[in-house]
Structure formats: C-alpha cells, structure tokens
Amino acid sequence: MPSTLETTRREWEDGNRRLEAAASDRQRYERLLAELELVLDELRKRVGQTYTLGELAAAYGEADRWVQEELAEREPGAGWPARLTIVQDAAFHRYSRGALDYRP
C-alpha cells in the first residue's frame, strides 16, 4: 500500500501533467503559468529554500486555503477557481524537486 507521501506526490505529478497538457492552448497555458508563479512565490515564503518532502507535504495539507486566497487577491485571470487544483499541484510538484530528500 502506498504511503501518504507517495500518494501526495502522485497528485502533484498529475497536476503538472495537466498543466503541461494545456500547452496546446496558448492563452490558457499562459494564465496557468502566471498563476503557477504566484503559488511558487508563496511556497518560497512559506517553506523556504531548505526543506524535505515531508515538510513540503505538510505545507500542502494547508495549501487549499492560502492558494485560494493568493489567487483571489491577485486575480491573475478570469476563471481561476477552475484552474486552482492544477496550479496548486503543479507548483508543489515543481517545488518538490528542490527538496533535500528528492528522488524522481
């Protein structure tokens, strides 16, 4: 049975795949990337530069609230609530690569 961390990492990978699958729709992809950058900036503030996958997963557990607040506050593009999960998961996937214990 997979661990909670493995399941969480699969969610992150799936979000990143869905983000990349949107590349054929340039306008949508650019909105997703702008929102992704907002979430990555906030992750840097909340998690810092030195972290483990476990610490990142703990931040993910609370991310629904602050990602929604961040996107709503900055309003990067119409329809952001529908893109929230993709952006959130893709951001955590990309940020996970910097974890001290990251393994592909």
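The values are calculated or read from the model by the stated rules, or taken from the named source; none is laboratory data. Keep in mind that what you see is a predicted model, and the values were worked out from it rather than measured. Virtual Cβ from ideal backbone geometry, glycine too; neighbours counted across all protein chains shown. Ligands, DNA and RNA are excluded from the accessible area calculation, which covers all protein heavy atoms including side chains. Shrake-Rupley method; radii C 1.70, N 1.55, O 1.52, S 1.80 Å.
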For this session: Find the residue count for segment 58-93, including only residues that are polar (S, T, N, Q), in contact (Cβ under 8 Å) with a residue 60 or more places away in the chain and open to solvent by 10 Å² or more (accessible area, probe 1.4 Å).
Result: 1
Problem set entry | Gly98, sole failed condition from (1) out of contact with any Phe, Trp or Tyr (no Cβ under 8 Å at 6 or more places or on another chain); (2) at pLDDT 95 or above | (1)
Exercise. Which number in (1) within 17 Å of Tyr95 (Cβ to Cβ); (2) out of contact with any helix residue (DSSP H, G or I) (no Cβ under 7 Å at 6 or more places or on another chain); (3) at pLDDT 95 or above; (4) not small (Gly, Ala, Ser) marks the one condition that Asp64 misses?
Worked result: (3)
Exercise. Which one is farthest from the chain's Cα centre (by Cα), of the residues in segment 16-31 that are under 22 Å from Glu73 (Cα atoms) and at pLDDT 95 or above?
Worked result: Tyr29
Exercise. In segment 61-76, what residues are more than 21 Å from Ala34 (Cβ to Cβ) and part of a helix (DSSP H, G or I)?
Worked result: Gly61
Problem set entry | Search result, residues across segment 10-57 that are open to solvent by 50 Å² or more (accessible area, probe 1.4 Å), closer than 12 Å to Ala99 by Cβ and part of a helix (DSSP H, G or I) | Glu55
Exercise. If a residue has to be of a type in the set (Lys, Arg) and either more than 14 Å from the chain's Cα centre (by Cα) or outside any helix (DSSP H, G or I) (or both) to count, how many in segment 77-100 make the cut?
Worked result: 1
